Every structure is written in C-alpha cells, then in structure tokens.
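The values are calculated or read from the model by the stated rules, or taken from the named source; none is laboratory data. Owing to the predicted nature of the structure, the values given are computational and were not obtained by experimental measurement. Positions of Cβ are generated from backbone atoms using ideal geometry, with glycine treated the same way; all protein chains shown enter the neighbour counts. SASA here: full protein model, heavy atoms, side chains in, ligands and nucleic acids out. Shrake-Rupley method; radii C 1.70, N 1.55, O 1.52, S 1.80 Å.
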There are 2 protein chains.
Amino acid sequence: MIIDCHGHYTTAPASHAKFRERQLAWYADPALSSPTPPVISDDEIRETIEANQLELQRKRGSDLTLFSPRASAMGHHLGNQEISLAWTRACNDLIARVVDLYPDNFAGVCQLPQSPGAPLAASIAELERCVRELGFVGCNLNPDPSGGHWTAPPLTDRHWYPLYEKMAELNVPAMIHVSASCNPSFHATGAHYINADTTAFMQFVEGDLFRAFPTLRFVIPHGGGAVPYHWGRYRGLADMLKRPPPAEHVMRNVFFDTCVYHQPGIDLLVRVIDLDNILFGSEMIGAVRGIDPETGHYFDDTRRYIDALPLTDADKARIFERNARRVYPRLDARLKARGL
Amino acid sequence: MIIDCHGHYTTAPASHAKFRERQLAWYADPALSSPTPPVISDDEIRETIEANQLELQRKRGSDLTLFSPRASAMGHHLGNQEISLAWTRACNDLIARVVDLYPDNFAGVCQLPQSPGAPLAASIAELERCVRELGFVGCNLNPDPSGGHWTAPPLTDRHWYPLYEKMAELNVPAMIHVSASCNPSFHATGAHYINADTTAFMQFVEGDLFRAFPTLRFVIPHGGGAVPYHWGRYRGLADMLKRPPPAEHVMRNVFFDTCVYHQPGIDLLVRVIDLDNILFGSEMIGAVRGIDPETGHYFDDTRRYIDALPLTDADKARIFERNARRVYPRLDARLKARGL
C-alpha cells in the first residue's frame with residue numbers, strides 16, 4: 001500500500017475559515033461576541049474531500065494520507081494561548097471527522113495550540129486528547145510559533161522536553177512544520193518552510209537531543225529542506241563541531257519526506273539519504289498545485305518520481321509504506337487491526 | 001584558468017581581530033580609548049596567506065580567488081553605523097593589501113558597512129571607494145544586517161535601490177552573504193547562510209527587481225541554498241504567483257556558486273541549473289575544513305567535483321572561468337590588461 005505522510009486539509013469548508021476570522025476579530029475587539037465553531041455537516045466535509053484529496057488519491061494511486069490541518073493556517077503567532085487553543089481544537093476536531101468518514105483513506109495528525117512565549121501545557125494536553133480520544137497517530141510541531149521571527153528556543157532546548165516526554169509516552173512522532181510567515185523577508189512556502197526544515201536539522205546536529213530521548217522521532221518535511229543537497233556540508237560541520245556523523249547522531253530519529261517537486265531532487269534524496277529514512281509524501285493539496293510544463297504532470301504528483309527510481313519493489317515499499325508504519329506505530333496498529 | 005569566486009580572509013593576522021575586540025569594548029564602554037586599526041606588516045600578511053589560501057590554490061589547482069573579508073566577522077548587527085564603517089574599512093584595506101601583494105592570485109571583493117536600520121549611504125560610499133580607489137571587482141551584500149532577526153526589507157524593496165544604482169553604475173555584482181547569527185535558532189554556517197540563500201532567491205521570484213535593474217547581478221553562494229534541490233518547487237511557485245519562469249525572471253541576473261561539498265550535490269546543480277549560471281567557488285578557507293572520510297579529500301576541494309562531471313572542457317571552462325569574467329567585468333578587464 002502507499003501511505004502519504006504529508007497531507008493537509010487545505011480544502012476545509014469556508015465556514016471553518018470564517019470562524020477563524022471572527023475569532024481574530026474578537027481578539028482584536030473583545031466587545032464583539034465570542035464566536036463558536038460552526039456546525040458543519042458530514043455532507044459538507046464529504047464534498048470538500050471527495051472532489052479533492054480523495055479524487056487525487058484515486059488518480060495518483062495512493063491509499064492513505066496522514067492528514068493534518070492546513071499548516072499555513074495554524075497561525076500560532078496570531079492571538080494568544082486561548083485563541084490558539086480554541087482554533088486548534090476546531091481544526092483537529094474537523095480532521096477527526098474526516099478520518100471517521102473515511103477511515104480507510106486518512107489517519108489523523110494534529111496541530112498543537114502553540115503560542116509565542118506560552119508554556120507547552122496546552123499543547124501537551126491537546127496532543128493527549130487527539131491521540132487518546134480521537135485516535136490520531138502523530139502531531140505537527142512548529143519550531144517557530146512567532147511566524148518568522150524565530151523567538152523560540154532551539155528544538156534541542158529543555159523548553160521542549162515536557163512535550164517530548166508526552167510524545168515518547170504516547171509513541172507518536174512529530175512532523176516539524178512551521179506556519180505562515182508574518183516576516184516580509186520570508187515567503188511562507190518558498191522560504192520559511194524550507195528554512196525551518198534546514199534550521200531544525202542543524203539544531204539536531206548541534207545538540208544531543210536523542211541521547212535524552214532515544215525513541216523520539218521527527219519527520220522533516222519538504223525533503224529535509226536544503227539538507228540532502230548539502231549533505232557533505234552537514235557531515236563536515238558535524239565533524240568540525242566534534243559531533244558524531246549525522247547518520248548516527250541524527251538519522252536514527254529523523255526522517256525526510258518526498259515533497260520535492262522534480263525528478264532530479266528525488267534522485268538526489270535517495271542517492272544520499274538511507275532509504276530507511278525516507279517517507280513518501282506529497283503535501284497534497286498544498287503549496288504547489290500546477291502542472292509542470294516540462295513533464296505535463298502535476299508538480300506534487302510525487303509518486304511518479306518514486307516510481308521512476310531504479311529501485312527494487314521492496315525498496316520502493318520501504319519509502320511508500322514500511323518506513324511510515326515504523327515511524328508511526330499507532331498507524332501500524334490501526335492498519336494491522338484492519339488486517340493490513 | 002580557474003577562478004574561485006568565493007574566498008574569505010579567514011586567516012587574517014590576530015591583531016586585526018584584536019582591533020575588532022577593542023572596538024566593540026569601546027562601543028560598550030565609551031570611557032575606553034577609541035582604538036585604531038593595527039599596523040600590520042607585509043610579512044605578516046604573506047605569512048597568513050602563503051601557508052593557507054595560496055598553498056591551497058597551488059595544491060588544488062585554482063589560479064585566482066575573488067577575495068573578501070571573513071563573512072562571519074562582518075558582524076553588522078554589532079555596534080552602530082560608525083563602528084561598522086570603521087571595521088569595514090579596516091577589513092577592506094586588508095583585502096586590498098593582499099591583492100597588492102599577490103595580484104595574480106587575488107582580486108578584491110568588499111564588505112559593506114551595513115548596520116541595522118541605517119541608511120545605505122555609508123555602504124554606497126564604501127563600495128565606491130573600494131571599486132574606484134582600491135580596484136575591487138564586487139561586493140558582499142548582507143540581506144539581514146540584524147544577524148538572524150531578519151528586520152531589513154526584502155532585497156526587492158526600494159530601500160536597496162540606491163545601492164543597486166551604484167552597483168549598476170560601477171558595473172559590479174554582489175554576492176548575497178549574511179554574517180554571524182545572534183539568533184540561537186540559527187547555526188551560522190549550517191542554517192543561517194543556507195537559509196539566506198534560499199530566502200534571497202524567493203524574494204527575487206516574488207518581486208520584479210530586474211525589470212527596474214536589468215543589468216544588476218547577484219551571486220547566491222553555497223550552491224544557491226536549497227534552490228536547485230527544490231527547483232521544481234520554485235518553478236511551480238512562480239507559476240502560482242503568476243510570475244514568469246525563474247529561468248527568465250531571475251536567472252538572467254542571478255548566479256549560483258559551487259560551494260556544495262559533495263559530488264551528488266554538484267551533480268544536481270549542473271543537472272537543473274543552466275551552466276551559464278554556475279560559477280566555480282570553494283568558500284575556502286571557510287565553513288568546512290575537514291577531510292571527507294568517504295572520499296579521503298577535503299570537503300571544500302570543490303574543483304574535484306567539477307572535474308568529475310561528464311562535461312566537455314569547454315563547458316567546464318564556463319564554470320571555471322568564463323561565467324566569472326562575464327559576471328565580474330572589472331575582473332575581466334584586469335585579466336585582459338595582463339594579457340589573460
């Protein structure tokens with residue numbers, strides 16, 4: 001089977017986005033009435049999923065998507081802890097409904113109610129709710145809740161440890177994923193996303209996080225940012241920093257997805273990164289939605305790039321399925337319970 | 001001949017760094033006496049160059065290096081405009097002395113006295129001094145003088161236009177190069193440098209700078225950051241942003257160097273980026289100084305990676321020499337004046 005580890009509900013019903021607007025308006029002007037999440041029917045959800053993600057799964061031949069709220073809309077930098085929590089719960093509840101309607105096609109990955117400077121207690125509680133009550137299998141962790149000002153401590157800082165303890169206890173991984181950028185220097189999907197991936201990896205190279213948390217697992221999306229292209233640089237920097245090679249020091253706990261939108265990039269990824277560290281992903285429907293004039297196919301139809309690799313079927317199965325089941329053991333358990 | 005477009009004077013005499021220390025101490029405590037740049041003898045300069053950059057040019061077989069002050073020590077975020085200017089002039093004057101001692105081996109590229117929030121007048125004046133009086137052929141432009149807080153406007157903003165006008169008038173390119181990071185999120189050479197490269201490129205994709213300045217030229221170092229690895233993403237994002245393809249919209253004015261420290265990265269670079277846009281560079285002696293245990297050669301001996309490419313000698317000559325002479329016309333004129 002083909003598991004897509006990176007999909008967002010970018011097509012959620014308009015009333016969901018309206019709720020967010022009203023929520024932020026209320027934050028700006030507390031004299032307004034406090035909004036509540038909209039009533040959304042199953043049919044509305046079906047409509048937004050069937051013509052989009054489900055249609056693309058069928059067309060492109062993937063079976064199951066690890067599905068999380070729209071990343072650019074997490075907007076942790078907006079409002080405060082209370083606002084972030086209410087928005088996050090509404091987003092995660094919607095993901096749970098998608099999964100309940102299409103349990104064969106989706107598994108839930110939650111957004112966390114991060115907020116700049118806030119303690120992680122709310123995120124830990126929401127992670128626990130999503131995993132234990134809603135059956136989610138992972139979370140998205142934003143290394144920069146400030147939205148492009150990078151005011152949070154590095155991911156290796158003890159600040160994050162309580163969340164990591166909960167992740168370890170629940171045995172769920174996190175995808176490192178920033179949200180929108182409110183810094184005009186950084187285009188969200190063209191700079192901020194890729195920079196965050198690169199930044200997180202280098203934090204792991206510098207630090208020693210996985211000695212403290214040997215079972216912790218992170219997926220760095222967008223093919224690991226700049227890392228595979230600069231793999232020699234990272235091996236060399238680790239050496240200069242008197243760190244073990246990244247393959248030992250980082251890559252037992254860190255995985256890259258295949259959201260790299262051309263064949264040469266995917267070819268490089270599998271050439272330098274161990275196949276056990278690569279998870280199929282498309283970020284679909286996401287940052288890049290057009291057709292590549294050079295190939296006539298959608299840029300984000302990443303299955304084609306994997307199919308074209310000179311790998312055995314068994315090796316492709318590692319990328320398409322086996323690695324995801326290893327990194328997301330709660331997904332594996334769900335699939336096994338269904339005889340898959 | 002082989003022109004290395006990216007070298008820094010990372011081995012400058014210790015008294016130069018001491019001057020910087022005293023300068024920053026004076027800034028912190030104006031009761032101290034204002035320091036003046038140290039007297040450095042020609043022999044001291046020879047000693048720091050011959051055993052290092054010159055030795056490596058000989059060993060690795062490059063002929064001439066575009067030589068600029070140590071990038072991580074530019075430290076535009078430290079002090080103020082006055083401090084930045086005094087430090088910058090001392091740094092550039094030292095580069096001029098290296099070039100005067102070894103005119104066959106080095107050409108000067110200047111640091112600019114940027115300072116967060118300061119107008120660009122001092123940078124424009126220093127660029128003019130370095131080009132007209134010291135014979136420099138280019139400059140390094142820091143898109144983030146704040147050192148990792150990214151408080152400056154994007155490079156496409158009119159804020160930068162007066163500098164671009166001077167660059168166009170003098171017909172010199174800029175290498176986009178940040179300095180040290182004072183943001184604990186960003187390791188300088190492992191995250192901040194690469195992120196800046198990626199960020200600058202995406203700013204050019206979003207903007208329309210080269211319609212206003214059709215002759216302006218930028219070198220994005222470190223192989224263009226994450227860009228070649230994500231070339232499909234950038235082509236797709238340009239399409240979504242209703243921009244022309246990056247090959248037309250950006251790559252008539254933007255060039256990538258070859259500071260990518262492993263063969264697979266260089267292979268990708270030449271596979272996706274037009275050979276006319278690639279300039280040989282090593283960043284030597286720079287960020288990564290060790291030997292790659294996988295090859296037995298220095299990571300930053302980037303000539304080996306180019307030599308290993310299945311390209312004709314004529315194509316390699318574009319990367320090694322011709323593109324640099326086109327992008328740096330003042331270098332070309334200097335070489336022609338020497339019959340080269």
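Just a few scattered comments:
- Take B:229-235, A:202-208 and order them by the average number of nearby Cβ atoms within 10 Å per residue, most first; the result is B:229-235, A:202-208.
- Across identical copies of the chain, B:L241 has label-point separations of 2.9 nm, listed in ascending order, with the point defined 7 angstrom from Cα along Cα→Cβ.
- Pair B:A333, B:N52: separation of 7 Å Cα→Cβ label points (nm): 3.0
- Rounded percent of accessible protein surface that carbon and sulfur make up, the range B:3-64, 1.4 Å probe: 54
- The same position B:A51 in the other copies lies at 7.3 nm from this copy, comparing label points 7 Å beyond Cα toward the beta-carbon, shortest first.
- For the range B:207-340: rounded, prolate or oblate by the Cα gyration tensor [a/c cutoff 1.5]: oblate
- Counting only other chain Cβ atoms within 10 Å of each residue's Cβ, the peptide A:220-226 averages 5.
- Scaling the Cα radius of gyration of the range A:1-80 by the globular reference 2.2 N^0.38 Å produces a ratio of 1.35.
- Counting only DSSP beta bridges whose two residues both lie in chain B, roughly 5 percent are antiparallel.
- Applying both filters, DSSP loop and at most 12 other Cβ atoms within 10 Å, to the chymotrypsin sites (Phe, Trp or Tyr not before Pro) of the range B:291-329 eliminates every site.
- Surface burial for A against B, with a 1.4 Å probe and both sides summed, reaches about 4600 Å² of accessible area.
- Remark: mean inter-chain Cβ contacts per residue of A:235-246 equal 4, using a 10 Å Cβ-Cβ cutoff to other protein chain atoms.
- Distances in nm from A:E169 to the matching label points in the other copies, shortest first (labels 7 Å along Cα to Cβ): 6.6
- Per-selection metrics, the range B:8-155 (Cα): Rg and Dmax in Å: 15.6, 50
- 3J(HN,Hα) couplings calculated from phi for the range A:201-208 with the Karplus curve 6.51 cos²θ - 1.76 cosθ + 1.60 (θ = phi - 60°) are, in sequence order, 4, 5, 4, 5, 5, 5, x, 9 Hz; Gly and Pro show x.
- Computed from the C-beta positions of B:N80 and B:A31 and an R0 of 25 Å, the FRET efficiency is 0.90 to the nearest 0.05.
- Rounded percent of accessible protein surface that carbon and sulfur make up, the range B:110-236, 1.4 Å probe: 53
- For a straight C-alpha distance cut-off of 22 angstrom, the lysines reachable from A:K316 (same-chain residues fewer than eight places away being disregarded) are A:K59, A:K336.
- In the context of the full set of protein chains, residues of chain A present 36 Å² of accessible surface per residue (probe radius 1.4 Å, heavy atoms only).
- Summary value for chain A: 18 percent relative contact order, contacts being C-alpha pairs under 8 angstrom separated by 6+ residues.
- Calculated on alpha-carbon atoms, Rg and Dmax of the protein assembly as shown in Å: 25.6, 81
- Distant-in-sequence amide H partners of B:T65 (H built 1.01 Å from N, under 5 Å): B:D4, B:F106, B:A107
- Helical content of chain B, expressed as a calculated mean residue ellipticity at 222 nm, amounts to -11000 deg cm²/dmol (DSSP H runs of 4 or more residues, -39,500 (n - 2.57) each, divided by residue number, nearest 500).
- Taking GluC sites (Glu not before Pro) across the range B:240-317, the ones in a DSSP loop with at most 12 further Cβ atoms lying within 10 angstrom of their Cβ are B:E294.
- For chain A, built as a Gaussian network whose Cα springs stay under 10 Å, the top-fluctuating residue of A:R304, A:R322, A:R70: A:R304
- The mean count of C-beta atoms from other chains within 10 Å of the C-beta of residues in A:262-272, rounded to a whole number, is 6.
- Amide hydrogen neighbours beyond the local backbone of A:R217, cut-off 5 Å, H modeled: A:A174
- Using a Gaussian network model of chain A in which every pair of alpha carbons under 10 angstrom is joined by a spring, one finds that among A:K59, A:K166, A:K316 the greatest mean-square fluctuation is at A:K59.
- Over chain A - Rg/Rh using Cα atoms and the Kirkwood inverse-distance radius: 0.95
- A loss of 50 Å² or more of accessible area (1.4 Å probe, protein heavy atoms, ligands and nucleic acids excluded) relative to the isolated chain is seen in these residues of the range B:154-190: B:S185, B:H187, B:G190.
- Radius, Kirkwood style, for the range A:137-214 when every pair of distinct Cα atoms is counted (Å): 13.2
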